[in-house]
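Asks: Handing you this structure, nothing more for now.
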Amino acid sequence: MRILLVEDEVDLGEAIKRSLSRDKYVVDWAQDGTQAWDYLENPHVHYSLAIFDWLLPGLSGMELCQRLRQSKSCLPVLMLTAMERMEDKVAGLDAGADDYLVKPFEMGELKARLRALQRRSPQLQAQQLQVGQLILDYGTATVSVQDEPGTASVIPLTAKEFQLLEYFMKHPNQIIPREQLMNQVWEIEADPTSNVVPAQMRLLRRKLTDYGLGDSLDTIYGLGYRLNLPHASA
C-alpha cells in the first residue's frame, strides 16, 4: 500500500516515514505542496492514502485537498495541523480532508487513524487478499501460505518483499514489467537504473520456494514477471 506524506518539518517527516516504512507501507515524502501535487499528477503512481500537513511551502494542505476533490479524486486524506480551533477543523474537513490530527501526536494514533481511513474507503475495505494458497493480511502486515484448510504458515518477508508480493497478488496472472514495479513498489526517488528489481525478485522467489511456491513466480524474459496462481479473493 502506497502513502503520500507531505510534511515540511524534516524531523517529523523522517520519523513518520521511518515508522510507516517499518509497517510495510511504500512512502513517498514531499516537503512542499507543489512537489506533492507533481507526485499526485504522476500517471504512473497510484496512492492509497495521503497525509497532508496544513501549513506547507507552495500549496497548503487545504489547497491540495481542494485540488484533489476538484479533480474528482477519492484519495483518503489525513490532515496534520498545530491549529486546534474548531473553525480550523471545519475548514479542513470542508476542503476535502477525511480526518484531522492535531500536533503533537503519538505515532500509534496516526497509524490507527490511517487504518480507520482504510476501513472506511470502499477501495480499501478488504482486510485480507487471497490468491491461491497465499493469504495477505493487512491487519498484521503478513503473508501466509495455506497448508490445508484451517492451517497456514507465515512467510517471513521483509518490507520490500511484502510490498512486491502484495502488488503481484493484486494483479494475479498478469505480466508486470520491471518499470511498472519500480513505479508502484519503490519510492519516487529510487534509482530507476539500478538492478534492485531482479535482485529483490530473486530473494522473494527464494522465500516462496521455501514454502513450496517457487514455481508460482515466473520471469517472462524481455517482458517482466508474473504471479502464476489461481485467483480467489477473500
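The values are calculated or read from the model by the stated rules, or taken from the named source; none is laboratory data. All values reported here derive from a predicted model rather than from experimental measurement. Methodologically, a virtual Cβ is constructed for each residue, glycine included, from the backbone with ideal geometry; neighbour enumeration extends over all protein chains shown. Please note that ligands, DNA and RNA were not included when accessible areas were found on the heavy atoms of the full protein model with its side chains. Shrake-Rupley method; radii C 1.70, N 1.55, O 1.52, S 1.80 Å.
Asks: Quantify, in whole percent, the carbon and sulfur part of the accessible surface of the chain (1.4 Å probe; protein heavy atoms only).
Replies: Numbers: 5760 of 11320 Å².
In the chain, the share of accessible area belonging to carbon and sulfur is 51 percent.
Asks: Under a GNM of the chain (C-alpha, springs under 10 Å), which listed residue has the highest mean-square fluctuation: Met62, Met86, Met169?
Replies: For the chain, modelled as a Gaussian network with Cα springs under 10 Å, the answer is Met86.
Asks: Next question. Using 0.36 nm per residue of separation minus the Cα-Cα distance, give me the extension gain between Gln70 and Val90 in nm, one decimal. Numbers along the way, then the final one.
Replies: Values: separation 20, 0.36 × 20 = 7.20 nm, distance 1.82 nm.
Result for the pair: 5.4 nm of gain on full extension.
Asks: Tell me whether region 22-127 comes out rounded, prolate or oblate; compute the Cα gyration tensor, take square roots of the eigenvalues as a ≥ b ≥ c, and use a/c under 1.5 as the rounded threshold.
Replies: Details: a/c = 1.34, a/b = 1.05, b/c = 1.27.
Rounded shape, in that the Cα axes give a/c under 1.5.
Asks: Where does helix 61-70 land angle-wise versus the long Cα axis of the chain, in degrees 0 to 90, nearest 10?
Replies: With both axes taken from Cα atoms, the answer is about 70 degrees.
Asks: Report the one residue of Gln184, Ala91, Asn228 whose Cα lies farthest in the direction of the positive end of the charge dipole of the chain (charges on C-beta: Lys and Arg +1, Asp and Glu -1; origin at the Cα centre).
Replies: Asn228
Asks: With springs only between Cα atoms under 10 Å apart, run a GNM on the chain and tell me which of Leu213, Leu165, Leu78 wobbles the most.
Replies: It is Leu213.
Asks: What spacing in nm lies between the two simple spin-label points modelled at Asp218 and Glu109, each 7 Å away from Cα in the Cβ direction?
Replies: Taking the simple label geometry, Asp218 and Glu109 are separated by 5.0 nm.
Asks: Ok, one more. So if each residue of separation counts as 0.36 nm, and I subtract the Cα-Cα distance between Thr158 and Thr140, what length gain in nm does that give?
Replies: Numbers: separation 18, 0.36 × 18 = 6.48 nm, distance 1.34 nm.
That pair, Thr158 and Thr140, stretches by 5.1 nm at full extension.
Asks: Could you work out Rg/(2.2 N^0.38 Å) for region 142-194, with Rg from alpha carbons only?
Replies: Working: Rg = 13.7 Å, N = 53, 2.2 N^0.38 = 9.9 Å.
Normalised by 2.2 N^0.38 Å, the Cα Rg of region 142-194 equals 1.38.
Asks: Can you give me the Cα centroid spacing of region 149-168 and region 35-88 in angstrom?
Replies: Centre-to-centre distance over Cα atoms comes out at 31 Å.
Asks: Which whole-number value in Å² is the accessible area per residue of the chain, probe 1.4 Å? Provide the component values of the computation, followed by the final result.
Replies: Numbers: 11320 Å² over 234 residues.
On a per-residue basis, 48 Å².
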